[in-house]
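Taking it in order: structure first as structure tokens, then the write-up.
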Amino acid sequence: MGRLIHFEIHVDDMERAKKFYGEVFGWSFQDWSDYAGMPYFGAVTGDDAEVGINGALMKRQSAPPEVGQALNGYACTMAVEDYDVTEEKILANGGVVAKSKHALPGLAWQGYYHDTEGNIFGIHQPDEHAK
């Protein structure tokens, strides 16, 4: 099987990105730059006993994505307990709405945002009453 085990978010400003993901989602970071040979910070996204994966922030190696361009890669979506509270944190920390909150009927609330580095990510709050 090809199970997803790690992700990398490409960033221009490492400290700004660490602050954004730390403040919004509570992630912590470990400096793995010596292993990677470039600015590279492991992202601990939750307790190992929880379902999910860890990843990293890495120094962007090319031009950043432009607003409005087609997605070129994968969009990571984070599970959240309270969509509206998380959206407030995203916006307060420099994120921008890419696709507004919408219902996945009978399943969840979903939306997409640009982080401070121009990358698109999603948030997802399970809710069987969403419509």
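Rule-based calculations on the coordinates, nothing more; no lab input. Since we're looking at a predicted model, the values are computed, not measured. Counting neighbours? That spans all protein chains shown, and the Cβs are built from the backbone with ideal geometry, glycine included.
Of note:
To keep it simple, each residue is scored yes or no on (1) at positive phi; (2) without any contact (Cβ under 8 Å) to a residue 24 or more places away in the chain; (3) surrounded by fewer than 11 Cβ atoms within 10 Å (Cβ to Cβ).
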| site | (1), (2), (3) |
| --- | --- |
| Arg16 | no, no, no |
| Ala36 | no, yes, no |
| Pro39 | no, no, no |
| Asp48 | no, yes, yes |
| Asn54 | no, no, no |
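- Looking at Pro105, Pro65, just one residue is out of contact with any Pro (no Cβ under 7 Å at 6 or more places or on another chain) and surrounded by fewer than 12 Cβ atoms within 10 Å (Cβ to Cβ), and that residue is Pro105.
- Strands (runs of 3 or more DSSP E) completely within region 64-131 that count 3 or more residues being basic (Lys, Arg) and more than 17 Å from Thr45 (Cβ to Cβ): none
- Once region 89-104 is narrowed to residues that are closer than 9 Å to Val24 by Cβ and of a type in the set (A, V, I, L, M), the residue that is nearest to the chain's Cα centre (by Cα) is Ile90.
Every residue, every condition in (1) in contact with a Lys or Arg (Cβ under 6 Å, 6 or more places away or on another chain); (2) among the basic types (Lys, Arg); (3) under 20 Å from Trp27 (Cβ atoms), yes or no:
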| position | (1), (2), (3) |
| --- | --- |
| Gly42 | no, no, yes |
| Asp48 | no, no, yes |
| Ala56 | no, no, yes |
| Lys59 | no, yes, yes |
| Ala63 | no, no, no |
| Gly73 | no, no, yes |
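- Pairing each residue of region 67-95 that is farther than 27 Å from Glu50 by Cα with any residue that is polar (S, T, N, Q) and not in a helix (DSSP H, G or I), provided the two are 6+ apart or on different chains, yields C-beta distances under 6 Å for Gly94/Thr116.
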